[in-house]
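Worksheet: the structure to be examined is printed underneath.
The values are calculated or read from the model by the stated rules, or taken from the named source; none is laboratory data. The structure presented is a predicted model; accordingly, all values stated were derived computationally and were not measured. Backbone-built Cβ (ideal geometry, glycine too); neighbour counts: all protein chains shown. Calculation scope for accessible area: heavy atoms of the full protein, side chains included, ligands and nucleic acids excluded. Shrake-Rupley method; radii C 1.70, N 1.55, O 1.52, S 1.80 Å.
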Amino acid sequence: MTFLLAIIGVLGVSASGPIIAAFPAVPALSMALWRNAIGTAVMAIPVVASDPRSFGRLRRREWGWSTVAAVSLALHFVCFMTSVRMTTVAAATALVCLQAAWIALFQSLRGTKYGWQVGTGVLLAFAGVLVMTGFDIGSGSEALVGDVLALVGGVLAAAYTLAGAKARATMTTGTYTTLCYGMTSIVLLAICLISGSPVWGFDARGWMGILALALFSQVLGHSAFNHLVSSLGPLTVSTLILLEIPGAALLAALFLGQNLPAGTALGLGIILVGLILVVRGQGRMLAPAPTKTG
């Protein structure tokens, strides 16, 4: 069951970028709002049916961390989904997936000591960013702005992951995802109203894209990873998320015809190697000592 959920999670999040790029008629903010609103409705049904009082038992700490996660997730979607419309799916996905390096950096600032693998991996990952964005400068200012938005989206994804791990420590998957997606929807609705992005009136094709994004990427992808965090741990899940980079690039090439320039492909490869080193280095540092097992 765990292996199946991992496959579903990878395929779900990998489809996110290509789906967003394939339906440009729906504004990115509107699509972000509806993917979370639909996700909230789907996840709330089993929670309310099985334990309708679960939300009333939540403590202040759980509400607090869920709120931080929700705001971070909302702003992450704003940055990432906008960036996909401005640069390539592969570039946006690779830069967003730098969240593993950002997490390592945040924890280092809080006093966590890492070995050479993490340090080397972070440097490689950011070197890959420089290679990739350097080639996008030649593609125009819009692609470069898209890269920057994706980079910020990765920082926000790291904040979402760290806050979510705190909340999930004492919450079930259904309760957490329903609460987090619901609050994320409220934040995104406010952003849509302030920015003037429409929240209704899309054609049939637009709603098809919204439903595909909500069901595949939000309900299946994000929710599968939220569940796996409690059983596999954040480091293993971070490793699985790295598969989103080649997955999204492959889907974009197959269905959207997006071809990667050699420089972008090189930068993507450097980022992937760096992130693998970061995750492996964290895993070795946090692994229990042999004398304490058994």
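Using a Gaussian network model of the chain in which every pair of alpha carbons under 10 angstrom is joined by a spring, one finds that among MET183, MET171, MET31 the greatest mean-square fluctuation is at MET171. Taking a ≥ b ≥ c as the square roots of the eigenvalues of the Cα gyration tensor of the stretch 134-209, is the shape rounded (a/c under 1.5), prolate (a/b larger than b/c) or oblate? It comes out oblate by the Cα gyration axes. Here r is the Cβ-Cβ distance between ALA265 and PHE55 and R0 is 45 Å; the resulting FRET efficiency, rounded to 0.05, is 0.45. Does the stretch 8-82 come out rounded, prolate or oblate by the C-alpha gyration tensor, with a ≥ b ≥ c the root eigenvalues, rounded set by a/c under 1.5 and, if not, prolate when a/b is larger than b/c and oblate if not? Prolate, since a/c reaches 1.5 and a/b exceeds b/c. Two tests apply to each whole DSSP H helix in the chain, Cα reach of 24 Å or more along its axis and mean Kyte-Doolittle hydropathy of at least -0.5, and the ones passing both are 28-50, 60-84, 116-137, 141-168, 173-195, 262-286.
Only Cα pairs under 8 Å and 6+ residues apart enter the sum, and on that basis the relative contact order of the chain stands at 42 percent. For the stretch 66-116, the set of trypsin sites (Lys or Arg not before Pro) satisfying both a DSSP loop assignment and a count of at most 12 other C-beta atoms within 10 Å is given as ARG110, LYS113.
The length gained by stretching the chain between LYS113 and ILE45 to full extension, at 0.36 nm per residue less their Cα-Cα distance, is 20.2 nm.
Here the relative contact order of the stretch 8-114, from alpha carbon pairs under 8 Å that lie six or more residues apart, stands at 43 percent. Only the Cβ atoms of Lys and Arg (+1) and of Asp and Glu (-1) were treated as charged; on that basis the dipole of the stretch 52-151 about its Cα centre amounts to roughly 840 debye. Taking each DSSP H run with n ≥ 4 as -39500 (n - 2.57) and averaging over every residue of the chain yields -25500 deg cm²/dmol at 222 nm. Specify whether the C-alpha gyration tensor of the stretch 1-131 places it in the rounded, prolate or oblate class, a ≥ b ≥ c being the square roots of the eigenvalues: rounded for a/c under 1.5, otherwise prolate if a/b is larger than b/c and oblate if not. Oblate, since a/c reaches 1.5 and b/c is not below a/b. Solvent exposure of the chain amounts to 45 Å² per residue of accessible area, where only protein heavy atoms count and the probe is 1.4 Å. With R₀ set to 25 Å, the beta-carbon distance separating ILE7 from SER195 gives a calculated FRET efficiency near 0.10.
Rounded to the nearest 20, the size of the Cβ-charge dipole of the chain about its Cα centre is 1040 debye, with Lys and Arg at +1 and Asp and Glu at -1. Per-peptide packing, taken as the mean over residues of other Cβ atoms within 10 Å, places 188-200, 114-126, 34-46 in the sequence 34-46, 114-126, 188-200 from highest down. Across the protein chains, with a 1.4 Å probe defining accessible surface, the residues ASP51, ASP147 rank ASP51, ASP147 from largest area downward. When the chain is described by a simple charge dipole with +1 on each Lys and Arg Cβ and -1 on each Asp and Glu Cβ, the residue from LEU149, LEU75, TRP116 located farthest towards its positive end is TRP116. Once neighbouring chains are kept in place and the probe is 1.4 Å, which whole percent of the accessible area of the stretch 1-160 is contributed by carbon and sulfur? Here carbon and sulfur together make up 73 percent of the probe-accessible area.
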